[in-house]
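Structure first, commentary second.
The values are calculated or read from the model by the stated rules, or taken from the named source; none is laboratory data. Keep in mind the model is a prediction, meaning the values are calculated, not measured. No Cβ is skipped: glycine too gets one built from the backbone with ideal geometry, and neighbour counts run over all protein chains shown. These accessible areas exclude ligands, DNA and RNA; they are computed on the full protein's heavy atoms, side chains included. Shrake-Rupley method; radii C 1.70, N 1.55, O 1.52, S 1.80 Å.
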Amino acid sequence: MTDTPAPLEPDRAGRESAAPGPGALFLAFLGIAISGFGGVLPFARRMLVERRGWLSADEFNETLSLCQSLPGPNIVNLSIATGQRFAGARGSVAAVSGLVLAPMMIVIGLGALYGRFGGVERLQGAVMGLGAAAAGLVVATAAKMAEPLLRRRPWSAGPFIILAFAGVGLMHWPLPWVLLGLAPISIAIVWRLRAKAAP
Amino acid sequence: MKPSILGVLVTQFAILSLMAFGGANAVVPEIHRQAVEVHHWMTDKEFAALFAIAQSAPGPNFLVATLVGWKAAGLAGALAATAAMCAPSCLLTYWLVKAWDRYKETAWRNAIAAGVAPVTVGLIGSSALLLVRAADHGWKLAVVTAATAGVAYFTRYNPLWCLAVAGGLGAVGVLG
């Protein structure tokens with residue numbers, strides 16, 4: 001049959017580091033997604049660098065740093081970039097589908113269960129506990145990101161952290177306006193400081 | 001009625017997709033503002049519950065968008081919100097990665113990343129504040145939040161342990 005999925009060419013069989021096709025990309029990102037409890041990125045590194053050997057550690061870091069500087073969930077951007085690199089547009093679609101579809105169905109299932117049994121006392125208690133812990137994780141994420149920034153450049157970064165926090169967290173202003181108002185000024189300041197620092 | 005809710009979901013999440021520097025946590029305050037304050041799709045407490053469910057399930061944590069869509073407009077809303085949260089940033093990333101060599105380590109790309117970073121930190125701090133407010137009813141829950149934050153900040157344990165312990169404590173009723 002000609003329509004069997006992704007026939008392996010003889011010379012490619014057994015060489016896992018050869019450029020993966022859409023099918024392999026889908027499966028790899030599916031594996032990353034369903035093992036990624038509480039943060040997917042460490043599992044992405046393990047899968048792409050250590051287990052499959054598709055990317056070197058440096059290539060992974062380089063790709064990740066680009067993905068982190070773009071908007072959108074970092075891991076989704078990473079799937080797009082990795083898919084594109086090995087199999088073009090089809091690769092990107094395969095990788096992002098592998099990453100998102102199964103977790104999305106799991107989350108919808110959990111949401112439906114919660115909607116149905118949300119009145120049960122034990123479940124309510126469990127979700128309350130989970131919510132408190134999840135909030136703590138976000139507190140830690142914010143602190144971890146703030147610490148190096150404040151240490152390296154307190155005067156150019158500090159005010160923007162405070163203003164963004166005050167505008168969105170305290171004043172409840174719409175986030176797009178706060179972001180579009182603050183980011184260009186912050187970028188311009190970084191640009192000028194770097195231009196001055198350059199020889 | 002339904003199509004207009006879907007339209008709102010798609011528009012909101014598509015905009016947030018392009019605003020989510022540093023990941024989905026940065027836009028949680030805006031998702032919350034739209035879902036709770038502007039459109040009244042859910043209460044504060046329900047939002048905290050949906051965020052907790054998305055955070056404890058496997059997979060990327062932007063799936064809180066899926067649950068907000070589901071709560072607002074059922075399965076169609078869940079699919080629409082997920083797609084809208086992904087598609088714009090995915091297209092942008094795809095396009096930029098294709099032109100990777102041209103944009104690699106250029107001065108302006110670094111300046112944009114460095115300039116957006118503190119704003120992102122302020123936004124994630126806002127997420128933290130609103131989630132603490134929505135989740136912590138009583139001092140026991142506040143202790144869980146503080147302990148989890150401490151473990152996640154100062155140690156390298158997998159955060160899943162904190163979620164498991166907190167969920168277990170809640171289920172047996174000691175946090176109520």
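A few points about this structure:
- Note on the range B:96-159: enclosed helices (runs of 4 or more DSSP H) holding 3 or more residues that are in contact with a helix residue (DSSP H, G or I) (Cβ under 8 Å, 6 or more places away or on another chain) and at the interface with chain A (Cβ under 8 Å from one of its Cβ atoms) are B:107-135, B:139-154.
- Test: residue in the range B:49-68 that is at pLDDT 95 or above and of a type in the set (S, T, N, Q): yes
- Filtering the range A:77-120 to residues that are among the charged types (D, E, K, R) and without any contact (Cβ under 8 Å) to a residue 40 or more places away in the chain leaves A:ARG85, A:ARG116.
- Only residues that are under 18 Å from B:ALA134 (Cβ atoms) and open to solvent by less than 70 Å² (accessible area, probe 1.4 Å) were counted across the range A:132-171, and they come to 14.
- Pair list, Cβ < 9 Å and 6+ apart or interchain, from the range A:43-60 residues that are among the β-branched types (Val, Ile, Thr) to residues that are surrounded by 17 or more Cβ atoms within 10 Å (Cβ to Cβ): A:VAL49/A:LEU55; A:VAL49/A:PHE60
- Taking the listed residues B:ALA146, B:ALA128, B:ALA113, B:ALA135, the one that is over 18 Å from the mean Cα position of the chain (by Cα) and open to solvent by less than 40 Å² (accessible area, probe 1.4 Å) is B:ALA113, with no other qualifying.
This table checks each residue for (1) in contact with a helix residue (DSSP H, G or I) (Cβ under 9 Å, 6 or more places away or on another chain); (2) under 26 Å from B:SER56 (Cα atoms); (3) of a type in the set (A, V, I, L, M).
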| residue | (1), (2), (3) |
| --- | --- |
| A:SER92 | yes, no, no |
| A:LEU99 | yes, yes, yes |
| A:PRO103 | yes, yes, no |
| A:ILE108 | yes, yes, yes |
| A:ALA112 | yes, yes, yes |
| A:GLY115 | yes, yes, no |
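- In the condition set (1) closer than 14 Å to A:ALA19 by Cα; (2) more than 9 Å from chain B (Cβ to nearest Cβ); (3) open to solvent by 30 Å² or more (accessible area, probe 1.4 Å), A:GLN84 is compliant with all but (2).
- Filter result (open to solvent by 20 Å² or more (accessible area, probe 1.4 Å) and either in a helix (DSSP H, G or I) or within 11 Å of another protein chain (Cβ to nearest Cβ) (or both)) within the range A:46-62: A:ARG46, A:VAL49, A:GLU50, A:ARG51, A:ALA57, A:ASP58, A:GLU59, A:ASN61, A:GLU62
- Any hit, the range A:109-124, residues being surrounded by 19 or more Cβ atoms within 10 Å (Cβ to Cβ) and assigned to a loop (DSSP other than H, G, I, E, B): no
- Of the residues in the range A:163-181, not one is at the interface with chain B (Cβ under 8 Å from one of its Cβ atoms), over 22 Å from B:GLN34 (Cβ atoms), part of a helix (DSSP H, G or I) and among the small types (Gly, Ala, Ser).
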